[in-house]
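Student: After the structure tokens below, expect a handful of questions from me.
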Amino acid sequence: MNKEQKKIMGLTIGSHGLVHLFEGVLPPLIPILIKEFNTDYFHLGLIVTAFSYAFGLGSLPAGILADKVGSRRLISIYLFSAGLTAILVWPIHTFWSYGIIMGLIGLCCSIYHPSANTLISLSMTNKGLAFGIHGIAGSLGVACVPLLSAWIGSVFGWRVPYVLYGLIGILLGVYSLSVPKQHPPLVKGLKSHTRAGGLDRKALLTILIFFVSATALGMTYKGIMTFLPTYMGTRVNVSFIQLNTVTLGGTIATLVLLSGAMGQYLFGRLVDSYSSERLYFVAVIISMICVFVMAFSTNIILIISSVIYAFFYFSTQPIQNYMISRYLPEHRHGLGYGLHFFLTFGIGSTAAAISGYIADKFSLEAVFIFMGLCFAMSACMIALLIFRAKGSR
């Protein structure tokens, strides 16, 4: 990597970890928030859904803007706006004002993923490896936030994690101004991109199948991550550790999710050399099996199956990003990544409210059964992608 590429990776690594701190700050605090606002799983699931809808819906215009104005500018806007909005949690005292702030944070964070993925896809030579390293930062954010938010929220109050993450965002925003602005790619002629860029009818159908698969995986992500800390706190009994349910659930969830970082790195390296569709299929099938095991297990079996699930689930992310860079021409990467996150984090986020309803009506175990069925749907779509890839060859 040259100096500019190192700066880009430094910015995206820090910003990616932070975006998942913002995204994951609520679930570990669910037991505290239920008492604070006298509410239930379903209504907190609605707030997670509001955040995620904003997170996903905003990514589509952000992706279009990334193609037109450049990615680095948008990353700076995300860092400053999300940081300032998170600090606004401090003075609020009502459930619905909390929900509005969460929605605004989600809208600010929606700028990040399409911008950063476009920046990486256009700036890096070994895209798979770069996406893998970038994914590790996100996985570490996802893994650390249950423990950080649970511990800080239990000791200092549920508002403090928001303020802390907001200050980090502002500091990263200042650093982002030192990274050179990136110019959007030039279109050298529509006809050439139609031939080489995969804009014909057959390629569009392949992209559609890919996005259906990604949407189903987006549902599994939001449904599982919303209730994983609480599920761990109620299903794992560690007699020699004296922790409350909030801190225990957050701690175990963090240890489990750390394995996702290894999956990101390994599959990020593999995807530069092996069939992305086949790697994608293997990761989704193993994740699906683990989720079904999680629904019917406790203690050590639950922890082991969760670790394997996290390893393979998060490995799908660099694969997906690589596939988008391969399926679409350069001047449409921002649109592709924006649409991807619109579907996975926007449409897919309905799983948070649906899972909250299932948890209230049936049980937390039923949530994981439903998520396993979503994995099965995604696997069917990926099987079609493998079949179409064989036909193309």
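Just so it is clear, none of the values below were taken in a lab; they were calculated from the coordinates. The shown structure was predicted, so the numbers you read here are calculated from the model rather than taken from an experiment. Because the Cβ atoms are built from the backbone with ideal geometry, glycine has one as well, and the counts that use them run over all protein chains shown.
Student: Between Ser363 and Leu266, what is the FRET efficiency for a Förster distance of 41 Å, r being their Cβ-Cβ separation, to the nearest 0.05?
Tutor: On the way: r = 34 Å, r/R0 = 0.83.
The computed FRET efficiency comes out at 0.75.
Student: Cα-based Rg (one decimal) and Dmax (whole number) for the range 46-106, in Å?
Tutor: For the range 46-106, the Cα radius of gyration and maximum Cα-Cα distance read 13.1, 40 Å.
Student: While we're here: By how many degrees, between 0 and 90 and to the nearest 10, does the Cα long axis of helix 299-327 differ from the longest principal axis of the chain?
Tutor: 20
Student: Same structure, new question: Might you report the magnitude of the Cβ-based charge dipole of the chain about its Cα centre, with Lys and Arg at +1 and Asp and Glu at -1, to the nearest 20 debye? The partial results should precede the final answer.
Tutor: Working: 25 positive and 11 negative charges, 278 e Å.
Charge dipole, the chain, about its Cα centre: 1340 debye, nearest 20.
Student: Pick from Gly157, Gly372, Gly141 the residue whose mean-square fluctuation is largest in a GNM of the chain, springs joining Cα atoms under 10 Å.
Tutor: Gly157
Student: On a 0 to 90° scale, report how tilted helix 59-69 is relative to the longest principal axis of the chain, with both axes built from alpha carbons and the result rounded to the nearest 10.
Tutor: Around 40 degrees separate the two axes.
Student: Still on this structure, please answer the following. Which angle from 0 to 90°, rounded to the nearest 10, does the C-alpha axis of helix 3-24 make with the longest principal axis of the chain?
Tutor: 40
Student: Which shape class, rounded, prolate or oblate, goes with the range 280-386 when its Cα gyration tensor gives a ≥ b ≥ c as root eigenvalues, a/c under 1.5 marks rounded, and past that a/b bigger than b/c marks prolate?
Tutor: Because a/c hits 1.5 or more and a/b exceeds b/c, the range 280-386 counts as prolate.
Student: Among Phe345, Ser259, Ala379, pick out the residue whose Cα is farthest towards the positive end of the charge dipole of the range 248-393, where Lys and Arg carry +1 and Asp and Glu carry -1 on C-beta, about the Cα centre.
Tutor: Ala379
Student: Next up: For the chain, with the dipole built from +1 on Lys and Arg beta-carbon atoms and -1 on Asp and Glu ones, taken about the Cα centre, which of Asn2, Leu29, Gly103 lies farthest toward the positive end?
Tutor: Towards the positive end, the residue furthest out is Asn2.
Student: When only C-alpha pairs under 8 Å and at least 6 residues apart count, what is the relative contact order of the chain, in percent?
Tutor: On the way: 735 pairs, mean separation 116.2, N = 393.
Contact order relative to length: 30 percent.
Student: Okay, next question. Quick one: net charge of His333's neighbours, Cβ under 13 Å, K/R +1, D/E -1?
Tutor: Details: positive: Lys68, Lys127, Arg326, Arg332; negative: Asp67, Glu330.
Summing Lys/Arg as +1 and Asp/Glu as -1 gives +2.
Student: Using helices alone, I'd like the mean residue ellipticity at 222 nm for the chain: each DSSP H run of four-plus residues gives -39500 (n - 2.57), total over residue count, nearest 500. List each step's numbers first, then the result.
Tutor: Details: 18 runs with 315 residues, N = 393.
Roughly -27000 deg cm²/dmol at 222 nm, from the helical runs in the chain.
Student: Okay, moving on. Express in nm, to one decimal, how much length is gained between Leu177 and Arg278 on full extension, taking 0.36 nm for each residue of separation and deducting their alpha carbon distance.
Tutor: Values: separation 101, 0.36 × 101 = 36.36 nm, distance 3.96 nm.
Difference between extended and current length: 32.4 nm.
Student: In the chain, if the dipole is taken from +1 on Lys/Arg beta carbons and -1 on Asp/Glu beta carbons about the Cα centre, which of Thr94, Tyr53, Tyr274 is farthest to the positive end?
Tutor: The one lying farthest along the dipole's positive direction is Tyr274.
Student: Measuring from a point 7 Å past the Cα of Asn237 along Cα-to-C-beta, which residues in the range 286-311 have an amide N at less than 16 Å?
Tutor: 297-303
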